[in-house]
Amino acid sequence: MTEVGRALDAFEADGEIGAIVITGSERAFAAGADIKEMQNRTFQERYGGNFLAHWNRISTVKKPVIGAVNGFALGGGCEWAMMCDVIYAGEKAQFGQPEILLGTIPGEILLITLILN
Ligand SMILES: C/C=C/C(=O)SCCNC(=O)CCNC(=O)[C@H](O)C(C)(C)COP(=O)(O)OP(=O)(O)OC[C@H]1O[C@@H](n2cnc3c(N)ncnc32)[C@H](O)[C@@H]1OP(=O)(O)O
């Protein structure tokens with residue numbers, strides 16, 4: 001997300017860019033946060049280390065953001081899609097929050113986004 005955040009900062013500052021399209025591959029838009037990276041961290045490490053510091057950057061960009069979604073948009077990937085101003089979903093797009101099966105709840109943004117929409 002740090003890299004995506006940096007790219008969004010640059011696009012926002014670039015006067016030649018009017019709108020931003022975020023996409024993935026045919027198989028996946030994004031499968032969510034890296035479970036392998038997260039699994040051995042304690043709550044204190046994740047919370048204190050600002051693990052989700054840049055998570056909502058898509059929703060604060062001051063230019064229109066389009067999410068072009070195909071394949072899996074899961075967990076944080078589903079949240080990314082919902083943070084876009086417009087979702088353009090292909091026929092194979094699948095949205096979901098499978099992290100509940102890992103004993104965790106959807107991250108920072110999902111519940112608020114669902115309530116607001
Ligand atoms: C705040 C935010 C929190 C979150 O976002 S929590 C994460 C939420 N996302 C998930 O729980 C998605 C978990 N992944 C899956 O359900 C499945 O995967 C898929 C449906 C995306 C794909 O299934 P299939 O086509 O059968 O492929 P495969 O063999 O399961 O996965 C291929 C490789 O991709 C790795 N992978 C998939 N998703 C993640 C992930 N989110 N974090 C880290 N690795 C992931 C797997 O482990 C595996 O890797 P290897 O080939 O080494 O076994």
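For the chain, relative contact order (Cα pairs under 8 Å, six or more residues apart, normalised by length) works out to 28 percent.
In the range 3-76, the portion of solvent-accessible area held by carbon and sulfur atoms comes to 53 percent [1.4 Å probe, whole percent, DNA, RNA and ligands not counted]. Packing around the peptides 53-60, 76-83, 28-35, 93-100, taken as the average count of other Cβ atoms within 10 Å per residue, puts them in this order, highest first: 76-83, 28-35, 53-60, 93-100.
Ranking of K36, K63, K92 by solvent-accessible surface, largest first: K36, K92, K63 (1.4 Å probe, protein heavy atoms only, all chains present). Full extension of the chain segment joining I66 with R46 gains 4.3 nm, where the gain is 0.36 nm per residue of separation less the Cα-Cα distance. All other residues whose Cβ lies under 13 angstrom from that of V21 are scored, Lys and Arg at +1 and Asp and Glu at -1, for a net of 0.
Its convex hull of Cα atoms gives the range 1-84 a direction-averaged projected area, equal to a quarter of the hull surface, of 5.8 nm². Partners of K63 within straight-line reach, counting aspartates and glutamates whose Cα lies under 14 Å from its Cα and excluding those fewer than 8 residues away in the same chain: D9, E12, D14, E16, D85. Taking 29 Å as the straight-line reach from the Cα of K36, the lysines in range (excluding those fewer than 8 positions away in the same chain) are K92. For the pair T104 and A89, the difference between a 0.36 nm per residue extended length and the Cα-Cα distance amounts to 2.8 nm. Compute the helix-to-body angle for 2-13: its Cα long axis versus the longest principal axis of the chain, expressed 0 to 90° and rounded to tens. Result, in degrees: 20.
For the chain, the solvent-accessible area with a 1.4 angstrom probe is 67 square angstrom per residue. Summing charges over neighbours of A73, with a neighbour being any other residue whose Cβ is under 14 Å away from its Cβ, gives -2 when K and R count +1 and D and E count -1.
The values are calculated or read from the model by the stated rules, or taken from the named source; none is laboratory data. Given the structure is predicted, the values throughout are model-derived calculations rather than measurements. Every residue, glycine among them, receives a Cβ derived from its backbone with ideal geometry; neighbour counts consider all protein chains shown. Heads up: the accessible areas ignore ligands, DNA and RNA and are worked out on the full protein's heavy atoms, side chains in. Shrake-Rupley method; radii C 1.70, N 1.55, O 1.52, S 1.80 Å.
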